[in-house]
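Let me begin by presenting the structure, written as structure tokens, before commenting on it.
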Amino acid sequence: MKLVKPGDEILTKVKKVHFVGIGGSGMCPLAEILHQKGYLLTGSDNNESDPLKRIRALGIPVTMGQQAKNVHGAELVVYSAAISQENPELVEARRLNIPTLERCDLLGIITRKFSQMIGVCGTHGKTTTSSMITQVLYLNNLDPTAVIGGKLPLINANGRAGSSELMVCESCEFVDTFLHLSPDTAVLLNIDNDHLDYFKTIENLTLSFHKFVSMATRVYFNGDDPLCHKAVAGVNGTVTTFGLNQSNHYYAKGLEKGERGPRFTVFKAGQPLGQLELEIPGRHNVYNALAAVAVCTDLGLQFNEIKKPLECFTGAGRRFERYGEFNGITLVDDYAHHPTELEATLTAAKNLKHQRVVAVFQPFTFSRTALLKNDFIKALKIADEVILTPIMGSREVNTYGISSNDLAAELPHCTVVEDFDGIVAAIEKIARPGDLVITMGGGDIYKAAQKYAAKHKVQ
């Protein structure tokens, strides 16, 4: 029996729940889960979206526009960190003494409702690995519940409500959000310099991962990553490693380039399980696949039951998502927003059969851009051509005095544009038949890819 935390009883006391911003990618899966469990839901949002269509298809009423009256009749109001405390629905909920719950707190409560919650954490690869595990479990009829940071094409959503005791949950370290969760199984992919505006030091970041994996009874971690070893040191759970080094419990051998992605043989404890050939490129995805193999094997699946779902996995939304081709130019979108991710994505791209790689990058947050400036420059130099947008500050004020021009000054073959129209124009000017164009960033750069794709009917 999992430890019940203070506040967990809220879901036993209410039946009518209102979601502020129900169409958000992180909100929609939680709404689906509560709906499946019989709660009476309402929601509001300001923008139409695919998740909203999914919510309405379940029969959940959604109001466009956020107004005080939307919370009338609710017994609990759920909101995300992106919602202002001055939002009229939150203000009205407080006035009426309706309990409110931030998304991460609700997710934490939900994770304690499952006897086998698999929490996937790490600086890079969380969405891909969570999606891989979900796809394997789903295609083997194990009916998992899933909460994922990107859209999984198989289910055409960021998550789903299953009927089994299995849950797969992408577990994000940002501002220690994942410490609200309760994993039974923890998967630690890697640890890298990120979110240092919050954590300040890599030691603090590593300690946070240690706290997360310490909550689990079974831990899988990247045995090739020294910081992962530090994070896992002293945990009481059963520990299993994966990686390329043959000292790991699960490892890859005979790594070579396949038709689209890497081809390799998976070994467990020195014994070959079989060969995998991925549809998605990059050495980093070998690690993600090994993590998925390890978790799913120990859940009782045979390698041949894991192999096909992984080999038909084409990536999660915004993870090397292929839009198609126009006039010999291939368009791809990727969530890469950290130098390590840019390096991995661009290196994988350079190994594909294209003439040149054109990187269209939107830096995300001033702090990350300033603190990792030299690393960004090094990674972007892998591309043959670079198009930069202004930095998307998100939650930050630019107290660092950093701009995209500071990156461009040290990059050969770099163009700085001001908006998405400028991106489309720059691609049209720079890209040639045979080129691969990749839009990259953690913000809304994907809209530029969509705009180019729509204009040129990319398919």
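The values are calculated or read from the model by the stated rules, or taken from the named source; none is laboratory data. As the structure is a computational prediction, the values presented were derived from the model and not from experiment. In this analysis, Cβ positions are derived from the backbone assuming ideal geometry, glycine residues included, and neighbour counts consider all displayed protein chains.
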Residue identified as in contact (Cβ under 8 Å) with a residue 40 or more places away in the chain, surrounded by 15 or more Cβ atoms within 10 Å (Cβ to Cβ) and touching a Phe, Trp or Tyr at 6+ places or on another chain (Cβ under 9 Å) among 192, 176, 184: 184
Test set (1) among the hydroxyl-bearing types (Ser, Thr, Tyr); (2) surrounded by 24 or more Cβ atoms within 10 Å (Cβ to Cβ); (3) touching a Ser or Thr at 6+ places or on another chain (Cβ under 9 Å) - residue 127 fails condition number: (3)
Whichever residue in the range 324-333 is closer than 11 Å to residue 457 by Cβ and not small (Gly, Ala, Ser) and, among such residues, is surrounded by the fewest Cβ atoms within 10 Å (Cβ to Cβ): 327
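For the condition more than 28 Å from residue 351 (Cβ to Cβ), out of contact with any His (no Cβ under 7 Å at 6 or more places or on another chain) and in the same structural domain as residue 354 (by TED's automatic domain parsing), what is the one hit in 443, 393?
From the options 443, 393, the qualifying one is 393.
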Residue 304 in contact with a helix residue (DSSP H, G or I) (Cβ under 8 Å, 6 or more places away or on another chain), assigned by TED's automatic domain parsing to the domain that holds residue 190 and either under 28 Å from residue 157 (Cβ atoms) or not β-branched (Val, Ile, Thr) (or both): no
Qualifying helices (runs of 4 or more DSSP H) (wholly inside the range 357-459; at least 1 residues being among the acidic types (Asp, Glu) and under 26 Å from residue 194 (Cα atoms)): 373-380, 404-408
From 307, 353, residue being in a helix (DSSP H, G or I) and not aliphatic (A, V, I, L, M): 307
